[in-house]
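Participant: Attaching a single structure in structure tokens format; questions to follow.
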Amino acid sequence: MTRISLSVNGVQHEADVEPRTLLAYFLRERLGLTGTHIGCDTSSCGACTVLLNGQSVKSCTALAVQADGARVTTVEGLAEDGDWHPIQQAFHEHHGLQCGFCTPGMLMASVGILSENPDPTDQEIRHALEGNLCRCTGYQNIVNAVLAAAEDMRSSAAAS
Amino acid sequence: MIPAPFEYERATSVAHALELMAQGGEDARLLAGGHSLLPLMRLRLARPTLLVDIGGLDDLKYVSGNGDAIEIGALTTHHEIADSHELGEACPLLTTTAAQIGDPQVRHRGTIGGSVAHADPASDLPTALLAMDAEFVIEAVGGSRSVAAADFFEGPFMSALGDGEILTSIRVPVSGASGVYRKFNRRAQDWAIVGVAALIGTDGGAISSAAIGLTNMGGTPLRAEAVEASLVGVSGADEVAAAAAQVADIGMPPGDEQASAEYRLHLASVLIRRAVGDVLT
Ligand SMILES: Cc1cc2nc3c(=O)[nH]c(=O)nc-3n(C[C@H](O)[C@H](O)[C@H](O)COP(=O)(O)OP(=O)(O)OC[C@H]3O[C@@H](n4cnc5c(N)ncnc54)[C@H](O)[C@@H]3O)c2cc1C
Ligand code: FES
Ligand code: FES
């Protein structure tokens with residue numbers, strides 16, 4: 001067992017983990033944060049995407065011990081005080097999901113994209129979502145939602 | 001799919017990592033970004049008994065230049081390379097190559113050192129580094145040495161790195177030539193079926209120097225030497241195409257379920273033509 005200490009959605013956790021525990025399983029099974037989905041388990045689908053120190057990563061391809069000392073954000077950490085994050089609002093309004101299985105990963109990857117590029121083009125969004133697969137939507141509404149969230153976030157940033 | 005059990009140690013310095021690797025014996029493995037090793041461990045194609053995690057060695061994460069050469073710390077991520085303004089100015093071939101690896105999530109974790117050490121013939125950065133005549137700095141218990149890219153890659157997943165040795169940095173000469181990396185795959189995010197790294201110097205509209213690296217055309221990254229020789233002095237599209245066709249000089253590439261050997265040769269000559277065309281236009 002290895003002792004780790006990490007912040008998840010702003011809450012500090014200490015835990016003893018087997019080194020082979022993957023971060024996705026630690027989040028789901030130890031912390032009960034089942035919003036992070038496991039789709040393929042082969043690093044392809046992106047359903048398990050979380051933010052590690054603000055950057056999008058596939059949590060099925062990181063060990064929990066590698067997140068020692070880090071700041072992790074999962075889909076459960078997006079809303080603040082019951083108010084949806086602009087990306088959640090935009091997926092809702094633009095119908096960016098059907099079955100919803102890929103959605104937590106899409107949301108986290110999108111937050112990652114917008115933190116690196118607040119004003120992406122349609123093509124840039126498609127390219128940056130390469131690591132996230134959706135079997136339902138055909139991606140069009142996901143791209144529309146990310147464009148809308150980007151605009152919303154830019155205008156709130158300008159207003160504040 | 002969970003990896004088989006292993007012991008885990010977090011290295012606090014390069015010297016500490018070398019010591020842990022020496023104690024761990026031949027089944028100990030270094031862990032950098034984990035984006036080649038963990039997928040193999042989950043499939044249990046790799047079963048190390050000890051992982052020595054060097055991911056926290058922040059002093060191996062840097063880009064520093066002195067005008068003639070740029071040095072990149074082994075733990076610099078693909079994202080940091082793609083995003084580096086300094087590298088973009090000095091070695092555009094490296095930044096454009098890094099930007100085409102996998103997807104953003106992969107680029108946030110994967111490191112240049114891990115990519116080189118893993119020596120996967122389908123990897124992108126090793127080809128670009130071979131075309132740029134990079135040097136790899138290796139630390140061992142007895143001291144350090146430097147190996148040229150041309151001597152480093154020995155076969156699929158085989159390199160000049162010995163057991164327990166650590167690649168600490170990569171040195172790239174700054175040439176002023178333009179760089180383009182072109183890869184062909186069938187689906188977004190896939191590895192290259194074939195990739196081409198072109199480093200092209202021009203003088204008055206004609207090619208004055210050419211280095212062409214090839215990904216996934218053999219067991220190691222390769223240089224297309226006949227193409228390089230034919231490109232010098234050339235300026236027109238037809239001549240570029242004729243030079244690109246000389247890629248057949250490397251011999252037969254591997255054929256597999258993704259592409260036959262003939263198709264790979266065809267792709268390589270088309271990608272060379274396009275990559276060089278990008279520079280000339
Ligand atoms: C979904 C997915 C898609 C990908 N697509 C691409 C792609 O399109 N193109 C591409 O090139 N790559 C691709 N990769 C691989 C990626 O670039 C890896 O990050 C890289 O190959 C290995 O780097 P790492 O830091 O993750 O190394 P690790 O996985 O940590 O290590 C790999 C190997 O190198 C050894 N090692 C690591 N660092 C050192 C060091 N400093 N000194 C000595 N030995 C060391 C380790 O012991 C291990 O054997 C992809 C990976 C995934 C998961
Ligand atoms: S579950 Fe992690 S990428 Fe699919
Ligand atoms: S909404 Fe069903 S997989 Fe994307």
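Participant: Within 11 Å of ligand 1 (Cβ to nearest atom), within 11 Å of chain A (Cβ to nearest Cβ) and not basic (Lys, Arg): does that describe B:His78?
Facilitator: no
Participant: Let me ask something additional. Condition first: in contact (Cβ under 8 Å) with a residue 40 or more places away in the chain, closer than 18 Å to A:Gln66 by Cα and surrounded by 18 or more Cβ atoms within 10 Å (Cβ to Cβ). Now tell me which residues in region B:56-77 satisfy that.
Facilitator: Selection gives B:Leu57, B:Leu60, B:Ala74, B:Leu75, B:Thr77.
Participant: To continue, here is another question. Answer yes or no: is there a residue in region A:10-30 that is at the interface with chain B (Cβ under 10 Å from one of its Cβ atoms) and surrounded by 23 or more Cβ atoms within 10 Å (Cβ to Cβ).
Facilitator: yes
Participant: Okay, next question. Taking the criterion of being on the phi > 0 side of the Ramachandran plot and more than 16 Å from ligand 1 (Cβ to nearest atom), would at least one residue in region A:24-31 satisfy it?
Facilitator: No, every residue in region A:24-31 fails to be on the phi > 0 side of the Ramachandran plot and more than 16 Å from ligand 1 (Cβ to nearest atom).
Participant: Only residues that are surrounded by fewer than 24 Cβ atoms within 10 Å (Cβ to Cβ) and within 11 Å of ligand 2 (Cβ to nearest atom): list them for region A:44-73, please.
Facilitator: A:Ser44, A:Cys45
Participant: Could you list, in sequence order, all residues of region A:91-141 that are surrounded by 15 or more Cβ atoms within 10 Å (Cβ to Cβ), away from every other protein chain (no Cβ under 14 Å) and away from ligand 2 (no atom under 16 Å from the Cβ)?
Facilitator: A:Phe91, A:His94, A:Gly96, A:Leu97, A:Thr137, A:Asn141
Participant: Quick one: which of B:Phe184, B:Phe157, B:Phe136 is modelled with pLDDT of 95 or more and under 20 Å from B:Leu60 (Cβ atoms)?
Facilitator: After ruling out the rest, the residue left standing is B:Phe136.
The values are calculated or read from the model by the stated rules, or taken from the named source; none is laboratory data. Just so you know, these numbers come straight off a predicted model, no measurement behind them. Please note: Cβ atoms are built from the backbone with ideal geometry, for glycine as well, and neighbour counts cover all protein chains shown.
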